[in-house]
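Reading through the structure tokens given below for one structure.
The values are calculated or read from the model by the stated rules, or taken from the named source; none is laboratory data. The structure presented is a predicted model; accordingly, all values stated were derived computationally and were not measured. As a convention, Cβ positions derive from the backbone with ideal geometry for all residues, glycine included, and neighbour counts pool all protein chains shown.
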Amino acid sequence: MSQDVTSTSDSPFRSEPNERDQAPQFVLPLVVHMEKAAPPARTDALETAARAVLVMLSDERSLGDGEWAQVMRDWQDARIRKVVRRARGAEWRRAEALPGITVSGKSAEVRVFPPVPLDGWPKDLARLQVSGTDLDDPEPPAGADPAVPVLWLNPDLDMSAGKAMAQAGHGAQLAWWELSNEQRAAWQDAGFPLAVRSADPDRWGELTTSGLPLVRDAGFTEIAPGSCTVVADHPALR
């Protein structure tokens, strides 16, 4: 499957069965560093997870004949699943020892790993907890800069931080697919600036019909199948 565009009828996130379900299924693991005494801020964790997905997609090991390229292609040819787990202390150190990339935000650290089969997680990742990624913002995040890509969250959905991190990653990935090679390079060279914000309820309907990349969740966890979760508002796609 081409990374340049994903059609509505062949969306990797739609709940309806399609050709992607016939392919071997993989998942992209993300692990957030969560020490009890110093958990990351929620918005920073979401933004860091989204950047981590972009860093993985653009890494030279994920492209061409790179060591992760085949599994990245296999993952993108099936459902685009992402699972966020949490780790602290020795768990985090063991996760860091596995092949992957750690991306740091202001308070958050997220390590992203090459995709693994749904039933083939490395044991040091499989033992990590999915639940418990409930994070808060110490203070409301500032308004999003209109010059920066914004991943708008559905204001009507109540998602755990882990679920929202995965959804932000989905939105970033859809935006990446829609960009030209030149636009991707510019975003990468700038360090993948982006913001994740909850949309104004009065504007959410407008966003979902704007033609911007839209994530419709398959409903495997937490929310109903087909729920619109994220709109990826990249300036180059307006």
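Here are some notes:
- Close pairs from the stretch 188-200: first among the β-branched types (Val, Ile, Thr), partner surrounded by 20 or more Cβ atoms within 10 Å (Cβ to Cβ) and not in a strand (DSSP E or B), Cβ under 7 Å, at least 6 apart: Val196/Thr43; Val196/Leu46; Val196/Glu47; Val196/Ala50; Val196/Ala168
- Criterion (under 13 Å from the mean Cα position of the chain (by Cα), closer than 23 Å to Pro141 by Cβ and among the β-branched types (Val, Ile, Thr)) met by exactly one of Thr229, Thr208: Thr229
- The stretch 201-228: number of residues that are in a loop (DSSP other than H, G, I, E, B), hydrophobic (A, V, I, L, M, F, W, C) and either in contact (Cβ under 8 Å) with a residue 24 or more places away in the chain or touching a Ser or Thr at 6+ places or on another chain (Cβ under 7 Å) (or both): 4
- Condition check for Leu98 on (1) touching a Pro at 6+ places or on another chain (Cβ under 9 Å); (2) at pLDDT 95 or above; (3) under 26 Å from Gln183 (Cβ atoms); (4) of a type in the set (A, V, I, L, M, F, W, C): one failure, at (3).
- Test: residue in the stretch 20-41 that is surrounded by fewer than 22 Cβ atoms within 10 Å (Cβ to Cβ), assigned to a loop (DSSP other than H, G, I, E, B) and modelled with pLDDT under 70: no
- Any hit, the stretch 193-207, residues being within 21 Å of Arg51 (Cβ to Cβ), crowded, with 18+ Cβ neighbours inside 10 Å and among the basic types (Lys, Arg): yes
- Selection status of Ala161, aliphatic (A, V, I, L, M) and either modelled with pLDDT of 95 or more or surrounded by 20 or more Cβ atoms within 10 Å (Cβ to Cβ) (or both): yes
- Matching residues in the stretch 144-176 - criterion: being assigned to a helix (DSSP H, G or I), among the polar types (S, T, N, Q) and either touching a Pro at 6+ places or on another chain (Cβ under 8 Å) or closer than 14 Å to Cys228 by Cβ (or both): Gln167
- The set of residues in the stretch 167-194 that are more than 21 Å from Thr43 (Cα to Cα) and over 17 Å from the mean Cα position of the chain (by Cα) comprises Ser180, Asn181, Glu182, Gln183, Ala185, Ala186, Asp189.
- Contact map, the stretch 51-63: first residue under 24 Å from Ala164 (Cβ atoms), second residue buried (at least 18 other Cβ atoms within 10 Å of the Cβ) and hydroxyl-bearing (Ser, Thr, Tyr), Cβ cut-off under 7 Å, separation 6 or more or different chains; pairs are Met56/Ser62.
- Identity of the residue in the stretch 53-84, under 14 Å from Gln173 (Cα atoms) and touching a Gly at 6+ places or on another chain (Cβ under 7 Å), that ends up surrounded by the fewest Cβ atoms within 10 Å (Cβ to Cβ): Lys82
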